[in-house]
Structures are given as C-alpha cells and as structure tokens.
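Okay, so here's the structure we're looking at.
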Amino acid sequence: MDLDSMRESIKIHNQVMRTNLKETFGFEVKTEGDAFMCAFSNVHNAIEFCMRTQLALIHAEWPESLLELDPARIEYDPHDDNLFLFRGLRVRMGVHIGTPMVEPDPITHRNDYFGPVVNRAARVESQAAGGQCVI
C-alpha cells in the first residue's frame, strides 16, 4: 500500500469518527496516533456512537489498495454473500461508565479527563478486537 492511500485511509477514519461524534453529541477529548478518546453525557449516546461508527466504517469509500490488505479485506457473512461483516479499517472500541476527574489542558484549553474511570475505559477498549465494541 502506498503512502497516499494510507493518508487517505486515516483521513476517512478521522472523518467517520468526527461525523459520528457530532451526530451523537460526543466530545473529542484527545487523539493519540489513530486512537480517539471521547466523552459523552450519557451511555446511550456512547453506545449509539460506537454502533453508528462501526457501520459507517464498513460502508466508507476505502482505497482499493487498503482493501487488498489482509487486516482490511472484505469479509462476508457466511450465510449471506451480500452482507459485509468487515470491510476496511477495523476499529476497536470500548465503553465504560463513570465520573472522571476533569481539568482544563493548559495548552489546548479544552477539558482533559483523568483518574480510575479513564484507566478502566482504556482497559475495556484494549479487550476489543478490531471491529468490536466492548461495553
């Protein structure tokens, strides 16, 4: 896969994430590499974000060179050749509920989240495989 296709794939990933965050009233706390840390005012919106985003990623217009790679190749439902199980970048997601500590970031002036709730959320997310949401 060439560098331009990878850049385009990351751009698509970020656009899908941010579009769905907006539609589900989520807040982008920060990104680290390709990982997004998000916050929601309620669990319903968080779960809706995960489900919408996974579906949008499957239907995104990925570069053909990405879809030729094993980790991003198209996989169909074994009982329905018209139904995608996976297609494109596979994103793992985790949802944890709680009240974190919040402080403004001195550089970005945006809220940042800390504490045991955030640590547990990261552990929950780490248990997911690409294309899965763990709650």
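Suppose we keep only residues that are surrounded by 15 or more Cβ atoms within 10 Å (Cβ to Cβ), on the phi < 0 side of the Ramachandran plot and of a type in the set (Gly, Ala, Ser) within the stretch 91-135. Which one would you say is farthest from the chain's Cα centre (by Cα)?
Residue satisfying both the conditions and the ranking: Ala121.
Please state which of the following conditions Leu83 fails to meet, knowing it meets all the rest: (1) without any contact (Cβ under 8 Å) to a residue 24 or more places away in the chain; (2) out of contact with any Asp or Glu (no Cβ under 6 Å at 6 or more places or on another chain).
Unmet condition: (2).
Confirm whether Arg18 is over 17 Å from Val117 (Cβ atoms), free of Cβ contacts under 8 Å to residues at least 24 places away in the same chain, charged (D, E, K, R) and not in a loop (DSSP other than H, G, I, E, B). So that I can check it myself, show each step before the final result.
Numbers: over 17 Å from Val117 (Cβ atoms): yes; free of Cβ contacts under 8 Å to residues at least 24 places away in the same chain: yes; charged (D, E, K, R): yes; not in a loop (DSSP other than H, G, I, E, B): yes.
Spelling it out, Arg18 is indeed over 17 Å from Val117 (Cβ atoms), free of Cβ contacts under 8 Å to residues at least 24 places away in the same chain, charged (D, E, K, R) and not in a loop (DSSP other than H, G, I, E, B).
Return the pair list, or none, for Cβ contacts closer than 6 Å from residues in the stretch 39-57 that are surrounded by 14 or more Cβ atoms within 10 Å (Cβ to Cβ) to residues that are part of a helix (DSSP H, G or I) and of a type in the set (Gly, Ala, Ser), at least 6 apart or on different chains.
Phe40/Ala46
Identify all residues within the stretch 29-69 that are among the charged types (D, E, K, R) and modelled with pLDDT of 95 or more; write none if there are none. Steps first, please.
Of all residues in the stretch 29-69, those among the charged types (D, E, K, R) come to 30, 32, 34, 48, 52, 61, 64, 68.
Within the stretch 29-69, Glu48, Arg52, Glu61, Glu64, Glu68 qualify.
How about the stretch 71-130: which of its residues are modelled with pLDDT of 95 or more, within 17 Å of Phe40 (Cβ to Cβ) and among the charged types (D, E, K, R)?
Listed by number, the residues that qualify are Arg120, Glu125.
The values are calculated or read from the model by the stated rules, or taken from the named source; none is laboratory data. All values derive from a computational prediction rather than experimental measurement. As a convention, Cβ positions derive from the backbone with ideal geometry for all residues, glycine included, and neighbour counts pool all protein chains shown.
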